[in-house]
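Here the structure is laid out as structure tokens; the discussion comes afterwards.
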Amino acid sequence: MDDADRLADPSMIEFIRRIRDPLARMQMEHQFAVDEVLTKVSILRREFLHLHRYNPIEHVGSRVKSTPSILDKVLRRGIELSPEAIRAGITDIAGVRITCSFIADTYRILDTLTAQADVRVVTIKDYIADPKPNGYKSLHAILEIPVFLTTGPVPTIVEVQIRTIAMDFWASLEHKIYYKYEGAVPAHLTADLSDAAEVAAQLDRRMEHLHQEVRTATPPSDD
Ligand code: GTP
Ligand code: MG
């Protein structure tokens, strides 16, 4: 059975009807969790700017997974068709992506965020120290934070990705290429992407050195 058949299956139609409301609630809670993380990141950014006179974060993006992509993942992963199983089994319903100028800042942001008392770290994957075979680099953190509702706190999972501008540039192109070829990327493009990942890493290293040098340099005096 392909996905279209499975979606047209009477048991699936019944499931979708049953799950509509719990799913909408789940998405709302994950949006609240995203809002909490965005507030945390905004506070860190402003305090950092105040202390160090530069902004460590270039861009922050976020999204809550749409109903079709949640159902798609449920089918792909063979996750049990219940709200509880979906909540536990899909850790990227809430996603926040933080783009930093420099590698050191990606770690700094991750460390400060994960040290907060109301943040529970579920997993951390360091694809900067240990890139994926295709060259993908990023810090991935699965965090659990409480969302305070009328019924009390609801622990909610958020996937946070932190990377540099160069890593983000590479990842968005790789993503487009991967989707265009539906995963079967021609070998010459895979090789070019791998080269490009190395060039991006070189750029990150050079920018970081330059930045360090400028920060520690004493400017020439006027007299
Ligand atoms: P899934 O995304 O659900 O498959 O999670 P996973 O268990 O494979 O976790 P992983 O940390 O590998 O990836 C999570 C997310 O990181 C993905 O959904 C993408 O947004 C991003 N990502 C991971 N690998 C790549 C990659 O090779 N290229 C790009 N462009 N993005 C990637
Ligand atoms: Mg993956």
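The values are calculated or read from the model by the stated rules, or taken from the named source; none is laboratory data. The shown structure was predicted, so the numbers you read here are calculated from the model rather than taken from an experiment. Using ideal geometry, Cβ is built from the backbone for each residue, glycine included, and neighbour counts are taken over all protein chains shown. These accessible areas exclude ligands, DNA and RNA; they are computed on the full protein's heavy atoms, side chains included. Shrake-Rupley method; radii C 1.70, N 1.55, O 1.52, S 1.80 Å.
Results, tabulated for the structure shown:
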| read-out | value |
| --- | --- |
| The chain: proportion of alpha-carbon pairs further apart than 22 angstrom, % | 61 |
| Cut-off under 5 Å, modelled amide H: who pairs with residue 154 long-range | 147, 148, 149 |
| Normalised convex hull volume, region 68-118, alpha-carbon set, Å³ per residue | 111 |
| Gain upon complete extension [residue 45, residue 130; 0.36 nm per residue less C-alpha separation] | 28.0 nm |
| Relative counts (whole %) of C-alpha pair distances in region 15-119, using bins that are 5 Å wide | 2, 11, 20, 19, 13, 11, 11, 7, 4, 2, 0 |
| The chain, accessible surface, carbon-and-sulfur percent (1.4 angstrom probe) | 56 |
| Surface per residue (accessible, 1.4 Å probe) for the chain, Å² | 60 |
| Theoretical gain in end-to-end length, residue 210 to residue 79 [0.36 nm per residue, Cα-Cα removed] | 42.4 nm |
| Rh (Kirkwood; distinct C-alpha pairs) - region 165-223, Å | 13.8 |
| Gaussian network model of the chain, springs between alpha carbon atoms under 10 Å - residue of 178, 136, 107 with greatest fluctuation | 178 |
| With at most 13 neighbouring Cβ atoms within 10 Å, loop GluC sites (Glu not before Pro) (DSSP) excluded, longest segment of the chain | 81-181 |
| Residue 9-residue 150 FRET efficiency (beta carbon distance; Förster radius 30 Å; 0.05 resolution) | 0.25 |
| Stokes-Einstein D for region 126-205, Kirkwood Rh over Cα pairs, 37 °C, 0.692 mPa s (µm²/s) | 227 |
